[in-house]
There are 2 protein chains.
Amino acid sequence: MSNGAERLLETLVAGGVEICFANPGTSEMQLVSAIGGNDRMRPVLCLFEGVAAGAADGYARMCDKPAATLLHLGSGFSNSMANQHNAKRAHVPLVNIVGDHATYHLKYDAPLTSDVPAHAAICSGWVGVSQSAAELAAAGARAVQAARRGWGRIATLVVPANHAWEEAASAAPALPAEPLAPVPEASVEAVASALGNGKTTAFLLGGRALREDCLAVAGRIAAACGARILCETFPARLQRGAGRVAVERLPYFADQVAPVLAGLQQLILVGAAPPVSFFAYPGKEGWLTPPGCELLTLAEVDQDVAAALETLLAAAPSERAPDTAQLQDKPAAPSGALTPLALAQSLASLMPDNAIVVDEAVTCGLAMFPATLGAPPHDWLTLTGGAIGEGLPLALGAAIACPERKVVALEADGSAMYTIQALWSMAREGTDVTVVIMNNRSYAILNIELARVGAGAPTAKTLSMFDLSGPDLDFVAIARGMGVRATRAGDAGAFHRQFAEAMATPGPCLIDATVVQSSD
Amino acid sequence: MSNGAERLLETLVAGGVEICFANPGTSEMQLVSAIGGNDRMRPVLCLFEGVAAGAADGYARMCDKPAATLLHLGSGFSNSMANQHNAKRAHVPLVNIVGDHATYHLKYDAPLTSDVPAHAAICSGWVGVSQSAAELAAAGARAVQAARRGWGRIATLVVPANHAWEEAASAAPALPAEPLAPVPEASVEAVASALGNGKTTAFLLGGRALREDCLAVAGRIAAACGARILCETFPARLQRGAGRVAVERLPYFADQVAPVLAGLQQLILVGAAPPVSFFAYPGKEGWLTPPGCELLTLAEVDQDVAAALETLLAAAPSERAPDTAQLQDKPAAPSGALTPLALAQSLASLMPDNAIVVDEAVTCGLAMFPATLGAPPHDWLTLTGGAIGEGLPLALGAAIACPERKVVALEADGSAMYTIQALWSMAREGTDVTVVIMNNRSYAILNIELARVGAGAPTAKTLSMFDLSGPDLDFVAIARGMGVRATRAGDAGAFHRQFAEAMATPGPCLIDATVVQSSD
C-alpha cells in the first residue's frame, strides 16, 4: 500500500502543482522519495530555503498557479520566511510542505524541535497540520485550494514524519477553486459617476491590474476621461514596454511622491492600496494622498479586477477612446561611464521581445525603470515586500516558469549576497537568466537613508557599516564557483558587448558591472 | 540632547555588550549612527542576518557574555532565526536589537510591515518592545539582564524607529545579574548515595559541565567510583584534547547509541538532557535510556553545575582519585586518499595549542571527532540545535571573541552554502580562521537517512535531490570572490601541506578538500 507521502504527492499534482522547490532534511525523506517516484512533479533542489520560497514566488507570478516548496521543520521554514513575506505581498499562490518530527517524537524535545505551526502562522494565509497519514492527502487538497483563494495565498501544510511514512489508502481529489470576489456594482457606479465630474483624476493600479489586458482597458478609460494612470511602487508583475499602455510608477522616496500626486482631486484605486511612505521619517507625513484628494476604490487587490475594469469601460463616458500605446524607443549603444542610465540603454536596445526583468537593483533600479519605458514588451517584477534577497530566486522561478523567455535579473551587490546560492540552481536547471550585478561596493541606499532620517553627521565607523569594499566582492569568481559563466564590465561599452552576447546566448550568465551613479 | 538610540548604546556598553553583529536597514539608521559615535561598541557588518546570529552565538560560547545583533524588522529577524534556534539550544546569552517601523507608521501596513514581536517570541527567552524614547535605555538594560539569566538566554528588544530618533534624557544603569539557580542539596545527596551502590554507572555531561574545570572534577569523581563519563551528542563547547579528562561522546545515530548505553544501571545527568534520538525512525525507539537504567539528575542545564560537581566531589566515596588525563597522540602525516580520518590526522598533528574547532562537517565530522581525542588541548563547538548553516558564522564569532587563538572550521559542502556570506566578514575583520570544506559533492547525510527511514529503493530523481554535483561547487573560487585566500586539496599529502601552511599563517583561508569516505 502507498504511504501518506505518496498520496500527498498524487493529490498535489492532481491539483495542478507540478514544481517543487526543495531543501529537504531527514524528516522529509518519504516526501523526497514520493517526489522521486512521481512522474508529474519536478523537483528543483535549492541550497538555501530562501531560494526555494523566492523561486516559488517567481514561478507563481509568471504562471498564476502555485508551486510547492519542501522545507525542513521550523528552522528550514524560518530561512524561507523573508521571501514568504515578499510572496505574501505579491498575492501569489504558494503551497509550502514543511516536515516536522513524528507526532510521538515531539515530546522528547530533540535538538531540532520547534513550533512549526507558529513559524507558519507569521506569513501564511492558511496553515494546516496533518492529523494522520490517512488524512494527509485531504489536507494537501485543502492547502492547494487555500493557495488559490483570491489571486493567491500562502498555504502551509505541516507534515509530521510518521504521517508521511504510514500507510494511506487513497489520494484526495482536487477541491474546486473558489471564484474571485466580484466587485460590488456600487463601487463601479461610484467610480463611473466620478469620472464625469470634471475633477483632476488618476487611477492607481496594482496587483493583477498591471497585466496587459487590464492595462489596455484602463488605458481606454483613462484616455476617454483625461485621467492619468499611476502604478504602485513595487508591482509583483507589470507588463510594459513598446505597444503597451504606459503607467507612471510612484517613486520610492516619499518626497518624490508628493509632486507626482500634487493637484489630484480624486485617486481611484484599482487593485492597489492607498500610497504610503515605505518608511517613516522624522517630521514627515507617511500618508501620501494629498489633502483634499478623494480616494475611491474600484476594486480591491483580491477582487475580480479585470471584470471591474471591463464593467467600468462599458459605463465610462466614451467607449471609443484612442489607444495610448507606448512608442518603441531603441537607444543607441552607450559609451563612457557605466551609469545606471547607460545600463538601461543597453537593456532597452538589446532585450528580446517578451523578456522578464527582475528588479532588485535598489538605488540603481530606480533610475533604470523610466529609461526602459520604450523597450520591447516585457514583464517587470519587483521586490513587493521590501525584504531584500529575493531578486535571484525570483529570476530562477520565473525562468523555470517560462523556459522560452529570456530573464534579466538586475541585482544590487548588497542584495545579491542574501540569496547568492540561487546561482547554483540557475546553472543546474539550465535556466536562461542573465544576472547583472550593479556593483557599487556599498549599501548605497543606506547612505541616502541615513541623511533622510536626520541621523546626523556620520563618523567613519558609521559609514563602514554601509561599505562593501575591503574586501571587494568579486561576483565573477563567486558565479564561477557555482557553475555560472561570468564576466566583468567596467565601462558602458564593455557592458553593452557583454550584455549583447548574453542576450544572444542561451543559459545562465552573470555580468559584474562596476557602476557609478553619474558620468561626471 | 541625545536620542533614544544613543542612550540605548550607552546602556548596552555599560552592561558589558561590546560587539554588535549588524545587518541594518533604514529603520535602524539612528542605531547605526549611535554605534558609529560610541567608542566602546565594535560593529561587525554581516552580509546576511544568519551570519550575525551565528557569530553572536560563537562569540558568547567563547566569552560567556552577550554580543548584540542589529537586525531589520521581522524579515531581517526571520533570516537570523535558524541560528537563533541553535544559540537557544547552546544556552548562550545574546541580545538582539531589532528595528521596527515608527509606532505611528505601523497602521499604514507599508510593504515591509510585519509582526516583529511574533517573530521574536519563537526563539527568544525574553522579548521586549520599547514603549518610548525615554524608556528605551531601560528596556535595553532589562534585555541585557534577561540575556544573562542562567547560563544564557536570547533576549530580543524591538525598537520602533521613532524611539531611536526622539530625544532621551539618560542612559540606564546595568541591572544586577541574577545568580545561577543552585542545585538542591537533595539532588547531590541522592547522587552521592547512588555512587556507592555498586551499580554500573555513567555520568552524562552537557552544557557548562563540558568545560575543563568541571571535567577535571567529574573525572576525579568518576575515577573514584568506576563510572564512565559520557558527553551529549552536540555540545556547545567541549574542552578536550591532551591533558584533559576524556569523555565518550554519544553518537548521532540512535542505533549506535544503544551499544554505548547497554548494561548501564544508572545514568547521572549533569547539565544534560536524557538521551533521545535526533529524529524518529519508523518502528524504532526514540527514548534511548536502556530499560531498567535509572536516571538521576545532579544538575539541570541552567543550574550551578560547577558547584554541584564540587559538592559531589566532597561527598563522593574517595577524594583522592587518580587523574584520568588524555594522553597526547601526535599521528604521522597522512598520505593517500583524503578520508575524514586522514584529515583528522593532519588536524591532530598540526593544530596549535588552544585552537577552537567548529564542527559542522556532518557525516565527516562524526569520524573526525574520535581521531582528534589526543590532539593538543582545544575547544570543540558543534551544531547544538541541528539547524544547518551555523558553522561558518560560529567560527567568525569565536575568532572575534578570541583573536589570539587559531580557529578551524570543519564544514560540509552542503552546510557551508547556507551562510557562505560569513567568509566575507572573516576577511573584513582579519579573523584567524582556517575553513576546511569537506567536499563530497552531496548531502551525504541524507543518503544515509533515506535508507534509515525505510523510504524504499530510491529513483535517480530521488537521489538527485541529495546530489551537489552538476555543477560542482568550487569553494576556491567562491572564497576568493569574498576576499579569502583558498586552495584545493585532492589527496592527504596535499591537504597536510596546505593545512600546515594555514596553521603557520595568520588570517582567514579556506581549503576545499575533496574527501572520500574510505581509502578503498
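The values are calculated or read from the model by the stated rules, or taken from the named source; none is laboratory data. Predicted, not measured: the structure shown is a model, and the values here were computed from it. With ideal geometry, Cβ positions are generated from the backbone for all residues, glycine too; neighbour counts draw on all protein chains shown. Surface accessibility is based on the protein's heavy atoms, side chains included, excluding ligands, DNA and RNA. Shrake-Rupley method; radii C 1.70, N 1.55, O 1.52, S 1.80 Å.
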Once the dipole of the protein assembly as shown is set up from charges on Cβ (+1 Lys and Arg, -1 Asp and Glu), the residue from the list B:I97, A:Q326, B:C293 lying farthest towards its positive end is A:Q326
Under the 7 Å Cα-to-Cβ spin-label approximation, A:D353 and A:M1 lie apart by a distance in nanometres of 5.6
Cβ-Cβ cut-off under 14 Å around A:E49, Lys and Arg +1, Asp and Glu -1: the net charge is -4
With the 8 Å Cα cutoff and a minimum separation of six or more residues, the range A:316-456 has a relative contact order in percent of 22
Partner shielding of B:49-58, taken as the mean number of other chain Cβ atoms within 10 Å, equals 1
Across all Cα atoms of the protein assembly as shown, Rg and the largest Cα-Cα distance (Dmax), in Å, are 29.3, 103
Percent relative contact order for chain A, counting Cα pairs under 8 Å at least six residues apart, stands at 15
Reduced to Cα centres, the span from the range B:1-57 to the range B:451-499 in Å works out to 36
Carbon and sulfur atoms account, in whole percent of the 1.4 Å probe accessible area of the protein assembly as shown, for 53
Computed over the range A:57-100, the Cα gyration tensor eigenvalues, each multiplied by 5 and square-rooted, give semi-axes in Å (largest first) of 19, 11, 6
Per the C-alpha gyration tensor (a ≥ b ≥ c, the square roots of its eigenvalues), chain A is rounded if a/c is under 1.5, else prolate if a/b beats b/c, else oblate; here it's oblate
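Enter the buried accessible area of the A/B pair, total of both sides, probe 1.4 Å, in Å² rounded to the nearest 100.
7600
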With a 23 Å threshold on alpha-carbon distance, the violating pairs from A:K461/B:K107; A:K107/B:K199; A:K107/B:K284; A:K461/B:K406 are A:K461/B:K107; A:K107/B:K199; A:K461/B:K406
Here D for the range A:242-286, in µm²/s, from Stokes-Einstein with a Kirkwood Rh over Cα pairs at 20 °C and 1.002 mPa s, works out to 173
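With r as the distance between the Cβ atoms of B:F253 and B:N197 and R0 = 35 Å, compute the FRET efficiency 1/(1 + (r/R0)^6) and round to 0.05.
Once rounded, the FRET efficiency stands at 0.65.
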Note: A:34-44 gets an average of partner chain Cβ contacts (10 Å, Cβ to Cβ) equal to 3
Each label sits 7 Å from Cα toward the beta-carbon; between B:K284 and A:E135 the label points are separated, in nm, by 2.8
Under the rule rounded for a/c under 1.5, else prolate if a/b exceeds b/c, else oblate, using alpha carbon gyration tensor axes a ≥ b ≥ c, the range A:1-76 is classed as oblate
Summing -39500 (n - 2.57) over every DSSP H run of at least 4 in chain A, dividing by its residue total and rounding to the nearest 500, the 222 nm mean residue ellipticity is -11500 deg cm²/dmol
Ignoring ligands and nucleic acids, A:D213 exposes an accessible area, probe 1.4 Å, in Å² to the nearest 10, of 80
Each label sits 7 Å from Cα toward the beta-carbon; between A:K330 and B:A121 the label points are separated, in nm, by 5.9
Out of A:V270, A:A5, A:A177 - ranked by how far each Cα lies towards the positive end of the dipole of chain A, with unit charges on the beta-carbon of charged residues - the top one is A:V270
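Rounded, prolate or oblate: which fits the range A:194-290 when a ≥ b ≥ c are the square roots of the eigenvalues of the alpha-carbon gyration tensor, with rounded for a/c under 1.5 and prolate only if a/b beats b/c?
Details: a/c = 2.28, a/b = 1.35, b/c = 1.69.
The shape class here is oblate.
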Counting only DSSP beta bridges with both partners in chain B, the antiparallel fraction in percent, to the nearest 5, comes to 10
Computed for the range A:380-520: size of charge dipole around the Cα centre, +1 on C-beta of each Lys and Arg, -1 on C-beta of each Asp and Glu, debye to nearest 20, value 100
Given A:328-337, B:262-271, B:373-382, the highest-first ranking by average Cβ count within 10 Å works out to B:373-382, B:262-271, A:328-337
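Rounded to the nearest 20 Debye, what is the dipole magnitude of the range B:310-385 about its Cα centre when Lys and Arg each give +1 and Asp and Glu each give -1 at the C-beta?
Details: 2 positive and 8 negative charges, 50 e Å.
I would put it at about 240 debye.
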Here the FRET efficiency for A:E294 versus A:A169, based on Cβ atoms and R0 = 51 Å and rounded to 0.05, is 0.30
Among B:A141, B:T156, B:A223, the residue whose Cα sits farthest towards the positive end of the charge dipole of the range B:125-223, when +1 is placed on the Cβ of each Lys and Arg and -1 on the Cβ of each Asp and Glu, is B:A223
Computed about the Cα centre, the charge dipole of the range B:26-100 from +1 Lys/Arg and -1 Asp/Glu charges at the Cβ has a magnitude in debye, to the nearest 20, of 260
Reported to the nearest 10 Å², A:K199 has, with a 1.4 Å probe, an accessible area equal to 90
Once Lys and Arg are counted +1 and Asp and Glu -1 for all other residues with Cβ under 11 Å from that of A:R428, the total becomes -3
Using alpha carbon centers only, the range A:250-315 is separated from the range A:95-165 by a whole-angstrom value of 37
